[in-house]
Every structure is written in structure tokens, then in C-alpha cells.
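A short worksheet on the structure shown next.
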Amino acid sequence: MSKKSYRQAINEALRQEMRRDPRVVLIGEDVAGGRGGSAGNNESWGGVLGVTKGLYTEFGPDRVLDTPISEASYIGAAAGAAATGLRPVAELMFVDFIGSCLDQVMNQMAKFRYMFGGKARTPLVIRTMYGAGFSAAAQHSQALYPLFTHIPGLKVVVPSSPYEAKGLLIEAIRDDDPVIFFENKVMYDDEEEVPDEMYSIPFGEANLTREGGDVTLIAIGRMVKLANEAADRLKAEGIGCTVIDPRTTSPLDTATILECVAETGRVVIVDESSPRCGMAADLSALIAEEAFADLKAPIRRVMPPHTPVPFASTLESLYVPDVNRIISAVRSVAPQTAERVA
Amino acid sequence: MADTITPIVMPKFGLAMTEGKLAFWSVDDGDTLKVGDEIADIETSKITNAYESPVDGVLRRKVAAAGDTLRVGALIGVVAPADVSDADIDSFIETFQSTAVVEDDEGAVATVTEPTQIDIGGQSIRVLDLHGPDGVPVLLIHGFGGDLNGWLFTQPPLAVERRAISFDLPGHGGSDKTVEDGSKEALAKVALGVLDALGVDKAHLVGHSLGGGVAIAAAAAAPERVASLSLIAPAGLGSEINGDFITTMAEATRTRDIEAGLRPLFADPGLVSRDMVQDMQRFKRIDGVTAALRAIAAANFPDGHQADLTRSRLEELSAPVQIIWGEADAVVPVAQSADLPDRIAVHVLAGAGHMPQMEQTAAVNKLLIAFLAAH
């Protein structure tokens, strides 16, 4: 066990699964070379942010495939390869590019198992970057996991830390259904203890990263880190928060969410995807429908405004939810001092 | 005069501990202390434990206050005879604080012994080998679902008198996750293999729970290599066992299920910390662990009962044996310590559950140290 970054944890998961199972192949733009071109200079990048670095050298051109800039063709090729016996991990560089290959995802891979009467399997992972905070502007910063959560037949994973990323990616590669794996580009240098061994974290099993009796915070992806920080600061002022990281938005661990809501009766949802028809709306509906009698205060959502992600860094930092906004939302629903359990 | 003044420092519980919080003092300035008296509760992110006085003397000064978080090795108090002057205490503290800072980093790193991997019959086994003075070494064997870290309060005190070795059974901790048939005999072979690999001809065996059963099997297989047996809530003495506990250890994956599953381990269920649950959960997610635990459970605890009983083998052993059991054990009933031959000393500890080495550290260490010294 040693400290590893989010980037290293993902790289290690890919490497170990590729060693374990020869059917695992990587395909995508720049996953091998990046700046190759006519100079044939492979491995100079290893992915646009270096996540797949070293894999081309170890596994060679038959298992690490650089593609032209054509999402429709290589995501489609990955779907076909998965249906016919490989276990591809395709990289859709930025999730914002999904528009170029949505049919392959929404109408093809997501539907194979269902439309072939359960006889087809599509063991495919699409790794993709999401999230604001990188000054990458409106076309490279969206948090589109609700879009995929909306489509039956896909599994959607949003890992919140390096430990989570490795275990969830190994699970994703071993899963027999198409999995969309969201990597927050701001988190690649985050570090924590990550086991050297292979391990997997089951889908549909939420993680409680903090436990407290007053307010339930539900946070997704990078927001988990902010929610943890908010919970730690609130604890110092006597407000106890449970922080739920659902890990996967599809499948969703509704049991754990409802269990925690029953305990606190107060809920704040932190989500960096757009507010309309998003995960926070979905979770709110679940809680309103299934746990109405447990609620002691209105459900609060901490989200960006319904606008494109601004390029200007000053505006971008106002756009993404931050710790102070989470803290104010929790305070606005927290019980009066005398009733706190902490 | 100064050498009669003893610094009480933040202890190191386990390899990962770098700092600890002084939860509260159990004694006051001026109290007379004996070795082993509980003087303070120390909290780490992993566990809270009573810290015992390493010396006899009078607690002359509390340097740290309840609630303080301090680095391992930092001064928390001073013990000295009553006739040492306050001025000497003051100057001792001043000297300690000014020199300790310099030694802090290097000193801490240099004295830490890390576990190593050794090869036993093609399997990689994690071993923590603490070298003490010459004498018959002691081998510590953990229980089902545990690992060598379970001996963090036991192994260092034993290593004061002798070489103390702990290891992870196959399927556990940092050892390979492949187990043969999971039987006590197969696991005992690995335990004896650890002794072979480390060049130890004869050792005292200390086994907890399943590790107790493994110790009996090892002693039965190679009686000439076992100086004595200390069995803590050992498996194999009767058919009853908490089947739900075994099932949880093998099958549970959700945080709350694991937490509920770990509670029977302690007389005080409050000892099941978030970090303990998380460590267990992370261990169970590693490739091969579930299969290994299932294999061991099937061989030793099928259908909510114990199989492969070792009581008759225990009764036939000629090596000295003592048994230590928590009165409130909710995993393996303490009643199984009854009806053993008179030559086997049985110590039942009030206020302890299935993990007396964690809950009644002082009492267990005292029994172990005395028994090992006598044999």
C-alpha cells in the first residue's frame, strides 16, 4: 500500500486488468501517442492528461489503439468488439464530445442485451473526463452523468477519490454491461492510500464518508470531497452530518439513501451537473416520494446555475458549488441547537 | 538524578500511527504508579486504547492535557520518585523538549520495523519479526478475518523479553489469498513454515480464535517445536460458534452490515470504530479474499457450527498450555473452556469479549509475559 494519485490509481487499474485478462484493450484518441503524427513518436503523452502513460510500451499496438478524431467510429468499434468477445476500455476524451457518438451509446450498446433477448453481452467501459474548475470552457467542462443515468441499459460510475477510482474501474472492466466511467479532471493529482493489490468495489453500494445525526449530505464525484470538508467544519460548530457518496448513479443505492434520510430527516444534495433534470432533482424526487414522512425540513440542493460553464476563472469559481455554499445550505435546514445529535 | 526521571511519551500503536490524541488522564499529579497501571486513554484514527505505565514511580507532571493531539514520541507526562525536586522535573522537561524535536523524525523512522514478505511453499506470507533478547521466540497466530495488526498491543510488549513474530495467515492481510483446503492442519503447516523460514527451532505459540485452533494443530503436528501454548478464545474446543458472525465476515459487503457483524467481537460494541469497519471492508474487496474466507469457513465453521474439533489433540499435548477467555465472548462461548485437564490453566477475564487482547490488554499481556517467562 502506498499513496497514489487519482491518475496513478486509474492507470494501475487498467494495467493490472490488462495483465490479468488479454481481452482487455484500450482504444481512443491519444491513448498511446498523442503527438505521434508522421514522426511516429508514440507514448509522448499517454492520453491527453497522461492517464494511460506507459501502457502502450507494456502492451503494444495491438492492445493500445490510437484512433483518428472520430468518436462515432471508435466508440462504435468498441461496442462491436465488446459484443464479439473483447473487453474494450474506450476513452471519450471529454464527455462533452458525446454528441458525436450518442447513437452508438444510447441506441446501440445500451440496447444490445435487451433487444437480443438477454443473449448479448457488451462488456465495455467508456472512460471520460468531466467537470468544471479547469478553465477548459463550455465545451470541455460539463458534468453530463445525468444524461447517461437517464438511459436504461447503461451503468454510470462517478468515483470520488483515488481509492474509489481504482476499485470501481476494476469492477467496471469486469462488468458485462456497458459502463460509463466519469473522471473529474481537477482530481488527477489528488492522492491517498491505494492498495497495490487488485480489488473491486461493487456497483450500487453507497459509501458513507462521514457519519453524523443531524443532516444527510448526498454528494457526487468531486463534490464528495467538498461535502466532507463542509461536514468537518460543521461538526466543530455542533452540527453532525452524514455524507453519502452514491458512487454509481446507475444503479443507485436507494436503500442507503433512504436509511440515512430516515435517521436525520434533513437532506442537502450537492451536485455539479446542471440543475434541470439532473441527479439532484432525481434524488429529491426519490426522497420526496419514499421518505416524505421522515422529512423535518425542505430538501436543499447545492448546484451550479443553469448556464454553460463560464471560461473566465472568476466566473467559473462562482459557477461550481463550493464548501461555503454547502455549509450555508446545511445551516439553513439544521435543527435548533437544543435538538442536535451531532 | 536525571536517570530516575522517566518521560511518558505518546505511544505508537501499530505501524500506521504517527500521532495520537490524549483522550483523558486516568491518574492525577502525585499518584503513585505501578508498571501496567492505566494512566491515560489514547485515541488514534484506528482505535482507542488505555495506555499503561511503563515504570513504577509517582506521576510528577502532566505535560499534555486531555484533548491534545501529539506526535508519537512527544512528551505527555513525567514520572519520578517523590524525592526528586520540582526544579529537576522542570529542567528535565525543558531538556527533553529541546532535544526531542531534533531526534524526532530520524529516530521515529529508524526504530520502526516493517513487515516483510517471505516465501513459504510458493506462497507469499507477510511477517512482522520483532527482534528481542535471546530466548525462546514467540509466534502469534491471528483469528478468522484478522491479520497481524490485531497483535499491535501484544507483540511489542512480548518483544521486550524475546523475539516476537507475527504473520498473516493465507487469505488474510498482506499474505497470498490462495488457501488450500482452509483446514487447521493446512494453516498450521504455514505457521511452522514461518518458523522454518526464520530459522526458529522452537517457539511459544500464542493463538487467537481460529489461530488458537491452528496453534493446537501445529503443536500436535510438531510437538518438539512448541515450548508452550497460550490460547485466547480458541476455536476447536466445542461445536458452538456464532454462525452469524462467521457469515458476516465471509459474505457481508455493505458498511453497515460489516459494522453490525463486528460488534459481537467486543464486550463494549462502542470499540467498533469507523476505521475498523472500513479496514475490514477494504480487505474484503481485495481479489481472492472472499473465496479464501469461504474456504476457511467451510472447513472450520460449516453451517453455523465448528467442525474439525481440536479438543482431544489439546488434551494429549505435553507442552504447557494456558487458556485466556473473555467472560462476555459472543463469538465462541467461554463455556468451552470447561472440563479441560487440570494442568491447563484457564483465565476468564471479566469485561472482555472475543478480543481480550484488545479490550483487556494489560491483563492479557501480564498473563502472557508471566507464562512465557515460566516455560
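The values are calculated or read from the model by the stated rules, or taken from the named source; none is laboratory data. This structure is a prediction, so every number in the text was calculated from the model and none was measured. With ideal geometry, Cβ positions are generated from the backbone for all residues, glycine too; neighbour counts draw on all protein chains shown.
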Among (1) at pLDDT below 90; (2) at positive phi; (3) not polar (S, T, N, Q), which single condition is B:Ala233 missing? (1)
All-but-one check, B:Ile89 against (1) more than 27 Å from the chain's Cα centre (by Cα); (2) in contact (Cβ under 8 Å) with a residue 60 or more places away in the chain; (3) assigned to a loop (DSSP other than H, G, I, E, B), failing number (3)
So how many residues does region B:28-54 have that are crowded, with 17+ Cβ neighbours inside 10 Å and β-branched (Val, Ile, Thr)? 4
Quick test of your reading of the structure: A:Leu154 fulfils all but one of (1) closer than 30 Å to B:Asp176 by Cβ; (2) in contact (Cβ under 8 Å) with a residue 60 or more places away in the chain. Name the failing condition by number. (1)
Among the residues of region B:50-62, count how many are in contact with a helix residue (DSSP H, G or I) (Cβ under 6 Å, 6 or more places away or on another chain) and either at pLDDT below 85 or of a type outside the set (Lys, Arg) (or both). 1
Give me the strands (runs of 3 or more DSSP E) completely within region A:114-229, filtered to those with at least 1 residues that are at pLDDT 95 or above and away from chain B (no Cβ under 14 Å), ordered by residue number. A:125-130, A:155-157, A:179-184, A:191-194, A:215-219
Give the residues of region B:195-213 that are buried (at least 20 other Cβ atoms within 10 Å of the Cβ) and either without any contact (Cβ under 8 Å) to a residue 60 or more places away in the chain or in contact with an Asp or Glu (Cβ under 9 Å, 6 or more places away or on another chain) (or both), sorted by residue number. B:Leu195, B:Gly213
Out of all the residues in region B:248-277, which are more than 14 Å from chain A (Cβ to nearest Cβ) and among the basic types (Lys, Arg)? B:Arg263
So A:Ala280, is it away from chain B (no Cβ under 14 Å), among the hydrophobic types (A, V, I, L, M, F, W, C) and under 21 Å from A:Val224 (Cβ atoms): yes
